[in-house]
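Structure first, commentary second.
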Amino acid sequence: MGLLPVGSSADIYVEGSMPKDNSFADHYEVLQISPNAQPETVQRVYRLLAQIYHPDNKETGNQELFEQVLQAYKVLSDPEKRASYDVEYRASAGLKWKIFDQPSATIGFEAEKRKRTGILSLLCTKRMNQPEQPSLNIVELEQLLGCPREHLEMSLWYLRESGRIQRSDNGKYALTVKGMETLEGQAEEGPVSQLRMLNPPREA
């Protein structure tokens, strides 16, 4: 599925680009809301999905999905439980995107290609999921890519100078049309090309 997100307002995880940790329940994905969603939004979306998936609904009822929605609501509607969950959620999101196993792997031409692909993919997903806030700052890129900023400077410079990303006055980075075309071109090279770029095989 390439760079397509799970839901229009889910987190920035890109379905298909990285292996998903099945041991961690993504409640935001289940409710198809942003991690920044207000309590009112959580409640409104829960009520809608609960009606759709309730077992008594003969047309769209689904016991498994209903239970997932209910569990997600129980956690996200409780301020204390949600705060605790968010700590684990952020840690899980970082692991999904981390593309380097060790600091030495961040240097070299192949590493630069992976970093550029990672940056573009993150910004693309951010724009699709949160078009009203489509940018990320350097700290967020560091955390999500698992790469220190000094090793991101070259890639950010290249992407800016080539017109694939742009930097706003507040220091945040956003994807451009040219950057989107670059990602689409990479996707056409093969269904697993970006997976290999983001998660290269380890040497024996």
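The values are calculated or read from the model by the stated rules, or taken from the named source; none is laboratory data. This one's a predicted model, so the numbers in the text were calculated from it and none came from an experiment. As a convention, Cβ positions derive from the backbone with ideal geometry for all residues, glycine included, and neighbour counts pool all protein chains shown. For accessibility, only protein heavy atoms count, side chains too; no ligands or nucleic acids. Shrake-Rupley method; radii C 1.70, N 1.55, O 1.52, S 1.80 Å.
Listed peptides 52-65, 29-42, 161-174, 114-127 appear in the order 114-127, 29-42, 161-174, 52-65 once ranked by packing, highest mean of other Cβ atoms within 10 Å at the front.
These residues, ASP26, ASP86, ASP78, go from largest to smallest accessible area, 1.4 Å probe, as ASP78, ASP86, ASP26. A simple spin-label model places pseudo-atoms 7 Å from Cα toward Cβ; at ASP78 and ARG149 they are separated by 3.8 nm. A crude spin-label estimate for the pair GLU88 and GLN71, with each label 7 Å from Cα along the Cβ direction, gives 1.0 nm.
Given LYS81/LYS172; LYS113/LYS172; LYS113/LYS178, which pairs have Cα atoms separated by over 19 Å?
Details: LYS81/LYS172 31 Å; LYS113/LYS172 21 Å; LYS113/LYS178 16 Å.
Going by Cα-Cα distance, LYS81/LYS172; LYS113/LYS172 fall outside the 19 Å limit.
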